[in-house]
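Here is the structure we will look at.
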Amino acid sequence: MKNGSKLLFVVAFALACVTSAQARKTPLPSDSVYQLDVQLLDQDGKRQPWSAQRGKPRLVTMFYTSCQYICPLIVDSGKAVERQLSPAERARIGITLISMDPVRDTPKALSAVVAKRKLDTRRWTLTSPRKGDVRQVAGVLGVRYRELADGEFNHTSALVLLDAQGRVLARTEKMGSQPDPEFVAAVKRALR
Amino acid sequence: MLLRAALLLALVPLAGLAAGAADYVRLPGGAFRSVLKYEDAPGRQKIAPFELMKRPVTNAEFLAFVKKDPRWRRDKVARVFADASYLEHWDGHAAIGRKALPAQPVVHVSWFAAQAYCKARSARLPTWSEWEYAAAADETRRDARADPAWRERILSWYSRPNPKVLPRAGLQAPNAYGVQDLHGLAWEWTDDFSALLVSGDNRNQGDADTMKFCGAGALSMDDRENYAVLMRVAMLSSLEAANTTGNLGFRCAKDVP
């Protein structure tokens with residue numbers, strides 16, 4: 001009896017491994033942002049392809065850490081959506097911030113924001129692409145930006161909801177601690 | 001007789017292609033007054049010396065590219081990189097067909113596709129400033145923009161509806177730098193098209209539009225008389241990177257080593 005349940009567990013585990021491996025092997029949908037072949041360096045100094053974030057729905061947005069004005073609001077916006085979710089929903093979503101200022105946004109600068117804003121790294125990932133890849137990332141996310149003479153950036157802000165395969169399900173440009181109700185509804189639908 | 005003339009016409013562009021593929025000219029750069037007002041960097045923009053293709057990339061050249069890299073074929077391209085009208089004027093995924101000519105500038109290409117093409121040739125797309133600088137010249141002057149007659153001439157092209165058949169690339173007289181077709185043929189992607197964050201009036205604090213921007217330094221129009229260039233800016237700033245249109249092509253640029 002005991003052995004039987006152990007065997008069942010082993011079989012179930014093996015099956016689970018096979019399915020998740022298959023999920024990774026299935027070709028990406030044509031409209032997935034993960035089609036973009038770029039590497040992201042995260043707050044822990046780990047460099048991975050963006051497509052390694054496949055597997056769960058995600059909120060994605062672009063920012064840069066030295067921004068004084070609207071960027072703190074971008075983190076607020078992510079947190080505001082997070083607050084609308086149940087613990088079970090929160091466990092199923094990821095939140096990815098991608099920097100448009102890779103030169104200054106080193107893992108150290110990124111992890112400082114994680115600490116300062118008390119971000120839960122089970123959900124939040126702060127990343128920097130390579131400098132030459134930033135405009136492509138912005139391109140698939142529909143973000144516009146310009147680097148200014150003083151090193152600041154002028155940019156549009158958008159919170160983009162991706163499904164587990166990287167397809168854009170919804171986006172909002174309403175930033176701040178008052179979440180966009182339509183966007184929150186879309187997030188909840190994606191997590192069902 | 002007519003047939004022979006048609007054959008001759010068809011052969012001419014091919015000969016031109018063989019000779020002039022990826023032909024660049026060198027532009028000296030320097031201090032340049034943009035029609036855009038950069039609040040963060042007032043005064044003249046500094047343009048480093050660079051090389052620019054003499055004329056836009058043609059259908060024939062783009063076909064050679066997609067044959068070499070099938071990821072950019074119409075039937076294979078990822079939708080996230082090019083919308084549904086990508087290369088729709090071609091007959092097939094590996095043939096230009098009858099609706100387009102080999103020597104016409106390629107259109108219906110997205111920014112991602114244009115970027116990939118230039119990268120494959122160890123080049124890049126020009127920046128907006130580089131494009132604007134090159135396009136300020138007429139046949140004899142490096143900066144003809146103050147001349148009302150020149151303005152009138154390029155504006156008359158913009159005000160014409162798109163022709164049913166695009167002329168071939170490289171037919172117009174070269175400008176003072178030796179560059180052709182910057183005006184009067186097709187619109188062109190720039191590398192930083194999505195840096196053109198232009199708002200009509202960016203001084204309305206609290207306006208929904210300004211809230212989208214992080215930091216000051218929005219762009220505004222400094223030379224409202226130069227409609228032709230301002231139309232380019234308006235068009236580029238309305239595009240997404242995967243968009244394609246029937247009058248938008250590109251040419252590549254290179255840094256000077």
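Set the Förster radius R0 to 30 Å, insert the Cβ-Cβ distance between B:Ala173 and B:Arg121 as r into 1/(1 + (r/R0)^6), and round the FRET efficiency to 0.05.
Numbers: r = 26 Å, r/R0 = 0.85.
With R0 = 30 Å, the Cβ-Cβ based efficiency is 0.70.
Straight-line reach from B:Lys164: which lysines have a Cα under 23 Å away, not including same-chain ones fewer than 8 places off?
B:Lys99
Determine, from the Cβ-Cβ distance of A:Lys46 and B:Ala31 and an R0 of 45 Å, the FRET efficiency 1/(1 + (r/R0)^6), rounded to the nearest 0.05.
Values: r = 44 Å, r/R0 = 0.98.
Here the calculated transfer efficiency is 0.55.
With 10 Å bins from zero, work out the P(r) of the range B:22-255 over every alpha carbon pair and list the percent per bin.
7, 31, 36, 20, 5, 0
For the range A:28-191, what ratio Rg/Rh do Cα atoms give with a Kirkwood hydrodynamic radius? Write out the running numbers ahead of the final one.
On the way: Rg = 14.5 Å, Rh = 15.7 Å.
Using only Cα positions, Rg/Rh for the range A:28-191 is 0.92.
Kyte-Doolittle mean at least 0.5 and Cα extent at least 27 Å along the axis: which DSSP H helices of chain A qualify?
Values: long enough: A:2-25 (34 Å, 0.63).
Span-like helices, by this rule, are A:2-25.
At what distance in angstrom do the alpha carbon centres of the range A:102-170 and the range B:157-195 lie from each other?
About 35 Å separates the Cα centre of the range A:102-170 from the one of the range B:157-195.
Student exercise: in chain A, how many lysine pairs 8 or more apart or on different chains have Cα atoms under 14 Å apart?
Close lysine pairs under the 14 Å cut-off: 6.
Length gain on complete extension for the stretch B:Arg160 to B:Glu88, per 0.36 nm per residue less the alpha carbon to alpha carbon distance? It would help to have the intermediate numbers written out before the result.
Working: separation 72, 0.36 × 72 = 25.92 nm, distance 2.28 nm.
Result: 23.6 nm gained on full extension.
May I ask which residue of A:Ser111, A:Met100, A:Gly151 lies farthest towards the positive end of the charge dipole of the range A:87-192, with charges of +1 (Lys, Arg) and -1 (Asp, Glu) on Cβ and the Cα centre as origin?
A:Ser111
Quick one: what are the phi-derived ³J(HN,Hα) couplings along the range B:188-194, Karplus 6.51/-1.76/1.60 with θ = phi - 60°, whole Hz, x for glycine and proline?
9, 5, 10, 4, 9, 3, 8
Here, each number is a calculation from the coordinates, and none is a lab measurement. No experiment lies behind these values; they were computed from the predicted model shown. Counting neighbours? That spans all protein chains shown, and the Cβs are built from the backbone with ideal geometry, glycine included.
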